[in-house]
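Computed from the coordinates by the stated procedures, all read-outs in this text should not be read as laboratory data. What you see is a predicted model; the values in this text were computed from it and never measured. Here the Cβ is made from the backbone with ideal geometry for all residues, glycine too, and neighbour counts use every protein chain on show.
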């Protein structure tokens, strides 16, 4: 036993003596060939050290440096080498190496060229196992510094290809900590063009969870611009963030490429605020900006760790522009206004309204992304920029998105001195989306809803009502096209223009008289619109307008799928008119441009009758033109209930 121990001691001593002699005579370069053979055997890839190799011994962190180094990529990679550098220097953790784990600290690269690639099947060139699949077969690097170089990254599956040039800005004498690394990157990120430039601290703290890394960035990805300045702790984990962040772009929903979180479609936007991450919460605080021409302030945050990220926000606009809501509900540019104000010339006589003439929002919701996030968002607009076609005064809502079901409850509008209260539910678990909406209208001032040139027609009248609809579709337009439910509206009290009612009754004598004496207001008893909605077709249950002088009764339907109107109004005069061309009034056309016309056949028949009788006796010519009346006042409450 003693002889064996002596032999082992002698052998170890001989190895140490031989190694010491080799180092003394040849330096550490004699290790290059064994090291290259070992790397090839372990990884299947070639390591070449064509310059000097040097080792400074120390425990547990000996420091290694090598010149003119290259390490090959796998044969499937687009670039031949993963790394080439004029010099590589690092400290290696020996205890980790003894358990076959490579951990480096203070890695310094001089003029490196680094090309990383990820294969569509999941292989990664920076993994060192022979098949590049084992995520544990990587080099852990605490901190990295470099002089200047190029880093490339390729990921065809994610349509990403980046190339960044880096250079070091020397620090002023005696202040080495202020050295910076400038970078300039170009390429594509998830299919979108990318251009980025900026600077960071000279030491890249990749895994350090305690040292903040200073970073300044100005990047454009697609149509999104990102400007950030502050600190990030651990560049691999982003364990904490403290930055001033400015964002701008054409559409908020384009941020899904960067965040993986579904955001609503919007008009162009800008925002700036304070981005902070602590633990599993990322918060954008005290931000201000605009969407379209509407200002926006508030905060939002994303909390991870659950089934999916939870987005919370509280957003306020002091002055909201109506058009800026258009993209949120799927309206094309200008069509939200067109839905209320006719701005196009209509070819309305056809059976089908062409897409270019339609005004209902028809852009599909991107509900496939709804399962990427849950959300609880409060939004309020304290005032609305007045639009002549829709006198909105305020807006508030609370949005909830959970398990792909989006709910707006409540959704409240201040409109025309009244209020619209709604509850909307969109179930994105189904394709098409299953939608439900309940809407209540309270005390809307009719005069404020009429166009500017018609505001004198009605005064002090108020509109109330209730809408209950359920349907399916991936846009607002398609949901309405398949809707079932009911629509009930009531205008009560107030006054209305007598001239308008005499024109509706085609009372020529009264029109002539009022033209001479001037219009006046008469009592409006009520107006009722009550529809049953089945498969997108609004069938008239009750359509009534009752005043002191006449009652208009309507029949027909409204086709929501084709946005077509097919209504007929018949008059019941309450006072005898000596000269009238009473005729049904037809309302046709489409939503963009309704066509209102009288029944020309009826008018012609009455006029022909007057001419015929006039041949016999001129006084008899007036008989067909006399509207004998009288009608009766309507019971508005019963009409609203559809009992008459």
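Please work out how much length the chain gains when fully extended from residue 299 to residue 195, using 0.36 nm per residue of separation minus the C-alpha to C-alpha distance, in nm with one decimal.
The span from residue 299 to residue 195 would gain 34.7 nm if fully extended.
Any chance you could run the full-extension gain for residue 207 through residue 270? It's 0.36 nm times the residue separation minus the Cα-Cα distance, nm to one decimal. Mind showing how you got there, number by number?
Working: separation 63, 0.36 × 63 = 22.68 nm, distance 3.28 nm.
So the chain would gain 19.4 nm between residue 207 and residue 270.
Can you give me the P(r) profile for the stretch 135-270? Cα pairs, bins 10 angstrom wide beginning at 0, each as a whole percent.
11, 33, 39, 14, 3, 0
Between residue 515 and residue 48, what length comes free when the chain is fully extended (0.36 nm per residue of separation minus the Cα-Cα distance, one decimal in nm)?
Working: separation 467, 0.36 × 467 = 168.12 nm, distance 10.18 nm.
Roughly 157.9 nm would be gained on extension.
Arrange 546, 559 by Cβ neighbour counts within 10 Å, fewest through most, would you?
With the fewest neighbours first, 546, 559 line up as 559, 546.
When the Cα centres of the stretch 20-96 and the stretch 187-204 are compared, how far apart do they sit, in Å?
Using only Cα atoms, the two centres lie 30 Å from each other.
Which FRET efficiency, nearest 0.05, do residue 376 and residue 163 yield, Cβ-Cβ r, R0 45 Å?
0.65
Could you let me know the centre-to-centre spacing of the stretch 267-336 and the stretch 522-549, using Cα atoms, in angstrom?
41 Å
How would you classify the stretch 75-124 from its alpha-carbon gyration tensor, with a ≥ b ≥ c the square roots of the eigenvalues: rounded for a/c under 1.5, else prolate if a/b is greater than b/c, otherwise oblate?
oblate
FRET efficiency for residue 369 and residue 555, Cβ-Cβ distance as r, R0 = 45 Å, nearest 0.05?
After rounding to 0.05, the efficiency reads 0.50.
Measure off 7 Å from each Cα along the Cα-to-Cβ vector at residue 532 and residue 329, then give the distance between these two points in nanometres to one decimal.
2.7 nm
Order of 379, 413 from fewest to most other C-beta atoms within 10 Å?
By the 10 Å Cβ count, ascending: 379, 413.
How much FRET efficiency would the formula 1/(1 + (r/R0)^6) give for residue 442 and residue 237, where r is the Cβ-Cβ distance and R0 is 51 Å, rounded to 0.05? Please report the intermediate quantities before stating the final value.
Details: r = 53 Å, r/R0 = 1.03.
For R0 = 51 Å, the calculated efficiency reads 0.45.
Once you keep just the Cα pairs under 8 angstrom separated by 6 or more residues, what percentage relative contact order results for the stretch 26-158? Don't jump to the answer; show the numbers that get you there.
Values: 291 pairs, mean separation 25.0, N = 133.
Relative contact order of the stretch 26-158: 19 percent.
Roughly how many nanometres apart are two label points built 7 Å out from the Cα toward the Cβ at residue 412 and residue 484?
3.3 nm
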